[in-house]
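Written below as structure tokens is the structure these notes are about.
The values are calculated or read from the model by the stated rules, or taken from the named source; none is laboratory data. Since the model is a prediction, treat every value here as computed from it, not as a measurement. Using ideal geometry, Cβ is built from the backbone for each residue, glycine included, and neighbour counts are taken over all protein chains shown. Heads up: the accessible areas ignore ligands, DNA and RNA and are worked out on the full protein's heavy atoms, side chains in. Shrake-Rupley method; radii C 1.70, N 1.55, O 1.52, S 1.80 Å.
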Amino acid sequence: MPLLREQVASRVRPPRAGSLDPMTAVAQGAALFAMTVGLQAQGEPAAPPTTGPRVWLQHPAVTADLAPFVVGRVLDPAGLVGVRVEREDKSWTTGTEALDKENTFAMPLALRPRTANDFRLFAVQSSGAEVPLSPPTFRIIHGLTIGDPPLARTVGVARADNSVMPFVERGVPLPMRRTFTLHTVAPVSPNAPGFALLVPIVQGEFLLAHLCRLVGTISLEAGALKGPLPAGSAVDITIELDRGGRLTARALIPALSQTFDHVAQLVVASLSLDALGTTLDELSARLRTAQGQAFRDGAHSTIAALGAAHERVADAATQLDVARGGDADAGEMARRVLIEVDAELAEFEAERGWPLAVDDAHRTLSWAASWMGRYGDEAERKLFATSFARAEQWIKAKKPLELAREVRVADRLGSACYFRDSHNCGWELEYAASRISEASDPVAAQAAINAGRTALAANDKSGFHAALHKVRDLLPPDVDDQRLGHDSGVR
Amino acid sequence: MNAPRLTKNPFHVLGVPPSVDRMEAERAGQKLLALIDLGHASTAEHASPIGPRPLSGDDVRLALSALRDPTTRVMAEAAYLPPAPAPKAEPPIEWAAIAARLSRRRPFFP
């Protein structure tokens with residue numbers, strides 16, 4: 001239909017390929033995309049056992065570059081002098097790359113074009129002998145990179161005080177990888193199996209963890225630790241999202257040179273039918289919860305919308321069964337339905353959390369305003385007024401992340417004024433003293449409290465704040481906040 | 001020209017000259033991101049016309065994003081100034097030799 005083509009060309013400004021057959025254009029696009037993600041009909045071979053020295057690798061999963069870098073850090077460097085990488089087909093290998101003083105290496109690779117490239121990693125010992133590293137292999141796919149898809153919702157880590165540390169914000173181009181350092185809130189001993197510190201990964205636009213959806217958890221199992229981990233230990237958390245929505249989270253404990261991993265499916269990106277089935281089950285459970293909440297709220301329009309969504313999920317389950325019988329189109333239809341229902345549910349969850357977020361913002365703003373009125377100077381009052389006005393704008397615009405940032409500014413200004421009142425300083429110190437038995441190191445906590453009291457008596461504000469911060473680091477988080485923060489074990 | 005544009009020029013952030021092609025810039029950026037994720041000490045700072053500046057993963061991603069867009073790349077090329085040469089390490093003061101020459105006692109500080 002030439003007329004239709006002309007109209008599309010006039011409305012869609014980007015250049016078009018007019019020579020493509022409209023009947024096969026979608027199939028060609030799908031084939032190109034399948035090539036970029038290395039889609040294979042056969043199953044993955046079983047991974048070989050990993051027993052060698054461990055290495056922390058960084059490399060692109062898919063790249064259009066034929067010579068990308070692989071960068072890594074050897075976590076067990078004893079007796080090793082270098083690393084060598086060999087392509088699986090043995091037609092290409094690097095020389096021995098010496099480890100630098102930080103036990104890291106960076107090597108350019110050579111990819112075969114338009115295919116999946118598997119590489120083997122070897123550690124070179126001082127004797128010249130080679131041993132496989134752990135992991136022993138990695139894969140990089142050379143292919144087209146189709147425009148980076150944006151992330152639909154913010155992903156972050158819930159902290160023990162029920163706040164969220166955003167790692168990857170909504171709208172950033174995928175793939176994306178971010179690393180931040182958090183600290184443990186409780187000691188963990190390998191002699192206490194069964195106990196675990198949790199690092200909850202949440203998705204949502206709120207900075208209050210209980211308003212966000214839990215999408216995965218890294219569990220720092222006590223029994224798996226190589227040694228005792230005191231409270232306050234640093235944990236480097238890396239969250240990686242590939243362009244399909246597959247989330248990989250890794251926690252590195254530098255003190256023990258130990259890593260813990262977790263993989264989750266954020267939406268339904270994987271083409272594997274098993275992954276689709278798992279996502280469908282999770283979505284059904286979320287739908288049931290949402291329906292229950294809508295019934296309790298008496299939200300009639302939401303009940304109707306969720307009922308329709310439930311029917312579509314039931315249809316998707318049928319399509320999935322058909323797909324298991326070999327109909328790939330049915331699998332695609334099921335996948336599309338799940339993506340749409342996931343988006344509808346996210347909207348419902350955000351709507352439900354919004355009044356709670358606004359309540360919390362109003363509480364914080366009024367608290368800050370009361371102390372600002374008593375102790376704020378002119379510049380602080382101006383800043384607070386600006387922040388307050390912006391917060392009101394974000395409330396009207398229903399922008400939770402921006403609102404939370406503005407509220408945080410007001411909270412800091414209010415806190416500064418709050419601590420100008422010596423009674424408040426004394427009260428904070430005595431509250432900390434009342435919880436001293438809960439401290440991870442009661443002796444150090446008592447010493448810090450004594451130092452704080454002395455500083456307060458001498459009107460030494462900086463000394464007082466240093467002491468108070470020290471005590472707070474030694475105290476565990478509030479139990480209620482921790483429960484709301486998905487039982488997070490980090491801050 | 002404001003200070004961030006001067007110091008956070010994408011070419012300075014990535015440590016590459018304006019003559020690099022897109023693929024070389026991507027490669028340099030991806031390598032930097034990987035090293036930053038590993039916490040490598042060499043990636044703590046980048047060179048700039050007014051001396052070393054702190055470097056973060058976000059800086060690298062923004063630099064890569066700027067160089068992917070032909071318009072912002074031209075602006076970055078136009079705004080490029082060569083980075084300041086690394087400061088030369090001052091030779092250590094030979095206090096012992098000075099003290100011996102002046103026939104005084106050895107100072108407490110090294």
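Between segment A:83-111 and segment B:16-90, what is the separation of their alpha carbon centroids in Å?
24 Å
Need the per-residue list for segment A:100-147: every residue with at least 30 Å² less accessible surface in the complex of protein chains than in the chain by itself, probe 1.4 Å, sorted by number.
A:102
Could you state the accessible area per residue of chain A in Å², with a 1.4 Å probe and every protein chain left in place?
Result: 51 Å² per residue.
Is there a simple number for the mean count of other chain Cβ atoms within 10 Å of the Cβ of residues in A:334-343, and what is it?
Numbers: counts 0, 0, 0, 0, 0, 0, 0, 0, 0, 0.
Mean number of neighbouring Cβ atoms from other chains: 0.
So how strong a dipole does chain A carry about its Cα centre when Lys and Arg Cβ are +1 and Asp and Glu Cβ are -1, to the nearest 20 debye?
860 debye
Which value results when the Cα radius of gyration for segment A:316-422 is divided by 2.2 N^0.38 Å?
Details: Rg = 23.0 Å, N = 107, 2.2 N^0.38 = 13.0 Å.
Dividing the Cα radius of gyration by 2.2 N^0.38 Å gives 1.77.
Using only the Cα atoms of segment B:30-85, what semi-axes does the equivalent ellipsoid have when each is the square root of 5 times a gyration tensor eigenvalue? Give whole Å, largest first. Kindly include the intermediate steps, with their values, before the conclusion.
Details: eigenvalues 87, 54, 9 Å².
For segment B:30-85, the ellipsoid semi-axes come out as 21, 16, 7 Å.
Quick one, could you list the DSSP H helices from chain A stretching 24 Å or more along their long axis (Cα atoms) with average Kyte-Doolittle hydropathy of 0.5 or above?
Once both thresholds are applied, nothing remains.
Between residue A:248 and residue A:433, what is the label-point separation in nm under the 7 Å Cα-to-beta-carbon projection?
5.2 nm
At a 1.4 Å probe radius, carbon and sulfur cover how many percent of the accessible area of segment A:155-265?
C and S atoms contribute 54 percent here.
Inside 10 Å of the C-beta atoms of A:68-74, what's the mean count of C-beta atoms belonging to other chains?
Values: counts 6, 8, 2, 10, 2, 5, 0.
Counting other chains' Cβ atoms within 10 Å and averaging over A:68-74 gives 5.
Where nothing but the Cβ of Lys and Arg (+1) and of Asp and Glu (-1) is charged, how large is the charge dipole of segment A:155-265 around its Cα centre, in debye to the nearest 20?
So the magnitude is around 140 debye.
Quote the total accessible area buried by chains B and A together, excluding ligands, DNA and RNA, probe 1.4 Å, nearest 100 Å².
1400 Å²
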